[in-house]
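Undergrad: For reference, the structure I am asking about is given below.
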Amino acid sequence: MAISAKTRKLLRERSRGVCEARLSQYGCTVDAEDPHHVKSKARGGSDRLENLLHVCRACHRAWANRVVAA
């Protein structure tokens, strides 16, 4: 199941468009664009707001490439 439009809207409102990870060492652009699951769905995480961070593409890529520990 995909993240709902309502949850995406709430995520954008919470972050105010600012990356919630702020991993400057990995090239954080500060402008949040992507939802990131704190606990991956593969490990039992959900699409609930409490399990999501609004992050920039650089920070999301760092997590996806396992550069950053979850």
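The values are calculated or read from the model by the stated rules, or taken from the named source; none is laboratory data. All figures in this text were calculated on a predicted structure; none of them were measured in a lab. Note: ideal-geometry Cβ built from the backbone for every residue, glycine included; neighbour counts use all protein chains shown. Just the protein is used for accessible areas: all its heavy atoms, side chains included, with ligands, DNA and RNA removed. Shrake-Rupley method; radii C 1.70, N 1.55, O 1.52, S 1.80 Å.
Undergrad: Among (1) loosely packed, with under 15 Cβ neighbours inside 10 Å; (2) in contact with a helix residue (DSSP H, G or I) (Cβ under 8 Å, 6 or more places away or on another chain); (3) among the hydrophobic types (A, V, I, L, M, F, W, C), which single condition is ALA42 missing?
TA: Against the list (1) loosely packed, with under 15 Cβ neighbours inside 10 Å; (2) in contact with a helix residue (DSSP H, G or I) (Cβ under 8 Å, 6 or more places away or on another chain); (3) among the hydrophobic types (A, V, I, L, M, F, W, C), ALA42 comes up short only on (2).
Undergrad: Scan segment 6-19 for residues that are without any contact (Cβ under 8 Å) to a residue 40 or more places away in the chain and open to solvent by less than 80 Å² (accessible area, probe 1.4 Å) and report the count.
TA: Number satisfying all stated conditions: 4.
Undergrad: Has segment 24-37 got at least one residue that is open to solvent by 40 Å² or more (accessible area, probe 1.4 Å), on the phi > 0 side of the Ramachandran plot, among the β-branched types (Val, Ile, Thr) and assigned to a loop (DSSP other than H, G, I, E, B)?
TA: Yes; the residues of segment 24-37 include at least one that is open to solvent by 40 Å² or more (accessible area, probe 1.4 Å), on the phi > 0 side of the Ramachandran plot, among the β-branched types (Val, Ile, Thr) and assigned to a loop (DSSP other than H, G, I, E, B).
Undergrad: Considering only segment 52-67, state which residues are surrounded by fewer than 18 Cβ atoms within 10 Å (Cβ to Cβ) and either without any contact (Cβ under 8 Å) to a residue 12 or more places away in the chain or under 17 Å from ALA2 (Cβ atoms) (or both).
TA: Listed by number, the residues that qualify are ALA64, ASN65, ARG66.
Undergrad: Of all residues in segment 17-39 being of a type in the set (Gly, Ala, Ser) and in contact with a helix residue (DSSP H, G or I) (Cβ under 7 Å, 6 or more places away or on another chain), which is nearest to ILE3 (Cα to Cα)?
TA: So the residue we want is ALA32.
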